[in-house]
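Read through the structure below, which is laid out as structure tokens, and then see the notes.
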Amino acid sequence: MLLVSSTLSAQPRFGNWGQRELSYDGQVTFVRLRWRTGSFGTLRPPFGGVNFWMHEFPRAEQNLMTTLGQVTEVDARTDGSLILTLDDARLFKYPIALLWEPGYWMMTDREAQRLREYLLKGGFLIVNDFELDQWDNFEAQMKRVMPGGRWIKMDPSHPVFGSLFKLERIDFPHPPNHHLYGFSPEYFGLFEDNDPQGRLLAIANYNTNLAEYWQMAGTGFFPIDSGNEAFKLGINYFLYALTH
């Protein structure tokens with residue numbers, strides 16, 4: 001993992017990363033979800049509006065997909081990624097989607113309906129980068145998606161944490177230079193029919209920010225061990241979603 005991570009920072013900064021449309025060729029593509037209503041954060045056109053969903057772009061996806069392609073047999077797309085809204089019909093071509101900063105996220109009714117359809121048709125949602133009382137807004141938004149759904153705290157015994165790399169500890173501590181230092185990561189699953197033995201529809205990474213580790217890989221900013229654990233989690237999530 002160290003050898004892989006040390007080569008990542010040489011990649012082009014943008015290129016095809018973060019496109020709103022890419023030719024569909026069956027490769028596993030990184031999909032970042034863009035939300036258009038919420039609070040805080042502005043960015044110049046062409047994106048405009050709230051932009052917390054853009055944190056760690058584009059190095060997080062570049063580095064994770066490069067590593068996924070190098071350490072697994074997954075046909076990972078390493079030359080570009082997508083940014084899609086929740087009501088974009090193209091989302092249904094891609095089995096995995098990632099959502100940032102749900103503490104500030106809001107949806108239209110149409111987007112909530114489409115996300116529900118995506119999850120029930122087999123899509124897998126990875127939620128990242130929120131902490132403390134930001135959970136309240138996240139839970140309220142997801143109640144609009146799955147009104148009867150409830151988030152269940154997960155432990156290392158769940159198969160999602162051992163798809164490739166066996167993680168003995170999932171609450172690995174943040175280093176002192178991480179903005180969430182002192183927080184203990186927790187992981188919550190949304191399961192079909194609220195059955196922990198059933199299909200996992202979504203996983204929420206709470207009190208942590210895995211993508212920050214992906215973003216900073218190869219820079220020496222974070223300790224290698226912490227970054228490696230974050231990459232292992234990300235790769236395990238992708239493999240689990242692709243095989244379930």
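The values are calculated or read from the model by the stated rules, or taken from the named source; none is laboratory data. Everything numeric here is computed off the predicted structure, so don't read it as measured data. A quick note on method: Cβ atoms are made from the backbone with ideal geometry, for glycine too, and the neighbour counts reach across all protein chains shown.
Of all the numbered requirements in (1) within 25 Å of Lys232 (Cα to Cα); (2) crowded, with 19+ Cβ neighbours inside 10 Å; (3) in contact (Cβ under 8 Å) with a residue 60 or more places away in the chain, Trp105 misses one, and that requirement is (1).
Being at pLDDT 95 or above and under 23 Å from Glu192 (Cβ atoms) narrows it down to one residue among Leu82, Leu115, Leu68; which is it? Checking each option against the conditions leaves just Leu115. Of all residues in region 104-122, which are within 16 Å of Arg34 (Cβ to Cβ), of a type outside the set (S, T, N, Q) and outside any helix (DSSP H, G or I)? Those that are within 16 Å of Arg34 (Cβ to Cβ), of a type outside the set (S, T, N, Q) and outside any helix (DSSP H, G or I): Tyr104, Trp105, Met106, Met107. Of all residues in region 179-206, those that are at positive phi have Cβ atoms under 7 Å from Cβ atoms of residues that are part of a loop (DSSP other than H, G, I, E, B), 6 or more apart or on another chain, in Asn194/Gly149; Asn194/Arg150. Can you say whether Tyr181 is over 22 Å from Tyr118 (Cβ atoms) and among the hydroxyl-bearing types (Ser, Thr, Tyr), as far as the supplied structure shows? When the stated conditions are applied, Tyr181 passes them. When each of Lys166, Lys153, Lys143 is tested for being under 18 Å from the mean Cα position of the chain (by Cα) and not aromatic (Phe, Trp, Tyr), the lone residue that passes is Lys153. On inspection, Gly48 fails the criterion of being at pLDDT below 95, under 26 Å from Leu119 (Cβ atoms), among the small types (Gly, Ala, Ser) and assigned to a loop (DSSP other than H, G, I, E, B).
For (1) small (Gly, Ala, Ser); (2) at pLDDT 95 or above; (3) farther than 22 Å from Leu119 by Cβ; (4) not in a strand (DSSP E or B), each residue gets a yes or a no:
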position: Phe138; (1), (2), (3), (4): no, yes, no, yes
position: Arg144; (1), (2), (3), (4): no, yes, no, yes
position: Phe161; (1), (2), (3), (4): no, yes, no, yes
position: Glu168; (1), (2), (3), (4): no, no, yes, yes
position: His174; (1), (2), (3), (4): no, no, yes, yes
position: Leu190; (1), (2), (3), (4): no, yes, no, no
position: Ala204; (1), (2), (3), (4): yes, yes, no, no
position: Trp214; (1), (2), (3), (4): no, yes, yes, yes
position: Gly220; (1), (2), (3), (4): yes, no, yes, yes
